[in-house]
Amino acid sequence: AYNFNPGPAALPLEVLQQAQEQFVDYNGIGMSLMEISHRSKEYEAINAETQALLLELLGLESGYKVLFMGGGASTQFATIPLNFLKPGKVGSYIITGSFSEKAYEEAKVLGEAVIAASNKEGKWRSLPKAEDLRIDPNSAYVHMTTNNTIEGSQFSYIPETGGIPLIGDMTSGILSRPIDAKKYAMIYAGAQKNLGPSGVTVAVIRDDLLADEPKHVPVMLRYSTHAKNSSLYNTPPVHSIYMVNLVLKWVKNNGGVAAMEKNNIEKSKLVYDVIDASGGFYNGNVDADSRSIMNITFRLPSEELEKQFVKESEKHNFVGLAGHRSVGGIRASAYNAVPYEACKALADFMADFQKRNG
Ligand code: PLP
């Protein structure tokens, strides 16, 4: 199958095969990894190695902790204001799609949140420019979504926040391209797109943000609890973290994040080129300067044709091309693990579909 699922999404075939080999008997211990204690030396090694690998791939050798948490990226929408939004301060949100809206709404449940910029009125077509951001100097943090999964846009710059901690939801963009990660005080991502299967969420947090133990926050929901216990405060999703470990090694062994970006640019260009050459038959949802290299979104001249496109694509072994139910249209999610050949096949299918229906 050509897997363009938005998430849970394609995993590298080699990783699946490796996991399959070790599924019943992990490294000769006579048991599956899922059957052993999270306090065992085998799991402790995976835990430590996975944290170190993620820091290495992000280019963050020191000054940050990697936490493995549950509840998906959506729970982070709440734990961020719970931990960092102090009385008298505001949380500033850059609203660029439905996930950043959800994060903002969750902050409003817990305290005061303000909008630093939004492109909602422009139907999410073009991301706010750096000079259009209005960051309240009284902000406890600034929150942004670096890649907008549903809308199909990606930031090409990191906002300057004047020393206010910047928090990036990188669920659908993490490790898709090199970033200056030090500019973020916190990066978080649900694993199920570029990191592994669902079930674990990574939160990479700068040490100074972990120093404070917010006493009003339940112990389990404090970042400091998980940092102090190296993500072993409670039972972690052992198998998901093991899969993340394998995926990170795959990224590293395949040239690291720079190589991922090169591939992702080439892959997404195949599809964007067909859109741009289609004379308006395919209509990109996002302006060229805001386009994502992960989630490619576009419309056809009618909803009928879109339905036909999806139906026919399925017959040709394409999976997951229907746009998010909230926006319709078509979305091809071409995460790191989606091979070049899948994007080439999609580009060819699109050109052929236009020939027959344009
Ligand atoms: N943020 C972004 C950018 C996402 O793409 C998603 C899921 O697709 C989420 C947050 C929510 O993640 P989860 O389903 O892990 O709660």
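Can you spot a residue in region 65-75 that is away from the ligand (no atom under 16 Å from the Cβ) and either in the same structural domain as Glu131 (by TED's automatic domain parsing) or closer than 23 Å to Val142 by Cβ (or both)?
Pass one, region 65-75, residues away from the ligand (no atom under 16 Å from the Cβ): 65-66.
Imposing the further condition that a residue be either in the same structural domain as Glu131 (by TED's automatic domain parsing) or closer than 23 Å to Val142 by Cβ (or both) reduces the set to 65-66.
Yes, there is a match, as at least one residue in region 65-75 is away from the ligand (no atom under 16 Å from the Cβ) and either in the same structural domain as Glu131 (by TED's automatic domain parsing) or closer than 23 Å to Val142 by Cβ (or both).
Are any of the residues in region 245-267 polar (S, T, N, Q), closer than 25 Å to Gly97 by Cβ and in contact (Cβ under 8 Å) with a residue 40 or more places away in the chain? First the steps, then the outcome.
Filtering region 245-267 down to residues polar (S, T, N, Q) leaves 245, 253-254, 263-264.
Filter once more, so that each one left must be closer than 25 Å to Gly97 by Cβ: 263-264.
Within this subset, residues satisfying the condition of being in contact (Cβ under 8 Å) with a residue 40 or more places away in the chain are 263-264.
Yes, because at least one residue in region 245-267 is polar (S, T, N, Q), closer than 25 Å to Gly97 by Cβ and in contact (Cβ under 8 Å) with a residue 40 or more places away in the chain.
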Within region 145-168, tally of residues that are more than 16 Å from Ser126 (Cβ to Cβ) and more than 11 Å from the ligand (Cβ to nearest atom): 9
Members of region 79-89 that are surrounded by fewer than 19 Cβ atoms within 10 Å (Cβ to Cβ) and in contact (Cβ under 8 Å) with a residue 40 or more places away in the chain: Lys86, Gly88, Lys89
Condition broken by Ile179, with the remaining ones in (1) among the hydrophobic types (A, V, I, L, M, F, W, C); (2) under 19 Å from Ala78 (Cβ atoms); (3) part of a loop (DSSP other than H, G, I, E, B) satisfied: (2)
Residue within region 277-285 that is over 24 Å from Asn119 (Cβ atoms), in contact (Cβ under 8 Å) with a residue 40 or more places away in the chain, surrounded by 13 or more Cβ atoms within 10 Å (Cβ to Cβ) and not small (Gly, Ala, Ser) present: yes
Long-range neighbours under 6 Å by Cβ, at least six apart or interchain, first residue assigned by TED's automatic domain parsing to the domain that holds Ala130 within region 153-169, second in a loop (DSSP other than H, G, I, E, B) and not hydroxyl-bearing (Ser, Thr, Tyr): Ser153/Leu127; Ser153/Val286; Phe155/Leu127; Pro159/Leu133; Thr161/Ile135; Pro165/Ala185; Leu166/Ala185
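Given the structure, is Ser230 closer than 30 Å to Ile205 by Cα, over 20 Å from the mean Cα position of the chain (by Cα), in contact (Cβ under 8 Å) with a residue 24 or more places away in the chain and not in a helix (DSSP H, G or I)?
Details: closer than 30 Å to Ile205 by Cα: yes; over 20 Å from the mean Cα position of the chain (by Cα): yes; in contact (Cβ under 8 Å) with a residue 24 or more places away in the chain: yes; not in a helix (DSSP H, G or I): yes.
So Ser230 passes the test.
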Single condition Lys120 does not satisfy, out of (1) over 25 Å from Asn283 (Cβ atoms); (2) surrounded by fewer than 21 Cβ atoms within 10 Å (Cβ to Cβ): (1)
Residue within region 190-202 that is crowded, with 24+ Cβ neighbours inside 10 Å, farther than 29 Å from Lys228 by Cα and either under 17 Å from the mean Cα position of the chain (by Cα) or not acidic (Asp, Glu) (or both) present: no
Any hit, region 9-27, residues being touching a residue at least 60 places away in the same chain (Cβ under 8 Å), of a type in the set (Val, Ile, Thr) and more than 16 Å from the ligand (Cβ to nearest atom): yes
Residue list for region 203-233, filter: of a type in the set (A, V, I, L, M), surrounded by fewer than 16 Cβ atoms within 10 Å (Cβ to Cβ) and closer than 25 Å to Glu61 by Cβ: Ala211, Leu232
Given (1) under 28 Å from Tyr188 (Cβ atoms); (2) in contact (Cβ under 8 Å) with a residue 40 or more places away in the chain; (3) surrounded by fewer than 20 Cβ atoms within 10 Å (Cβ to Cβ), index of the condition Ala322 fails: (2)
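Can you say whether Leu270 is of a type in the set (A, V, I, L, M), at pLDDT 95 or above and either over 19 Å from the mean Cα position of the chain (by Cα) or part of a strand (DSSP E or B) (or both), as far as the supplied structure shows?
Details: of a type in the set (A, V, I, L, M): yes; at pLDDT 95 or above: yes; either over 19 Å from the mean Cα position of the chain (by Cα) or part of a strand (DSSP E or B) (or both): yes.
Criteria met by Leu270.
The values are calculated or read from the model by the stated rules, or taken from the named source; none is laboratory data. Remember, it's a predicted structure, so these values are computed and weren't measured experimentally. Quick reminder, even Gly has a Cβ in these numbers, built from the backbone with ideal geometry, and neighbours come from all protein chains shown.
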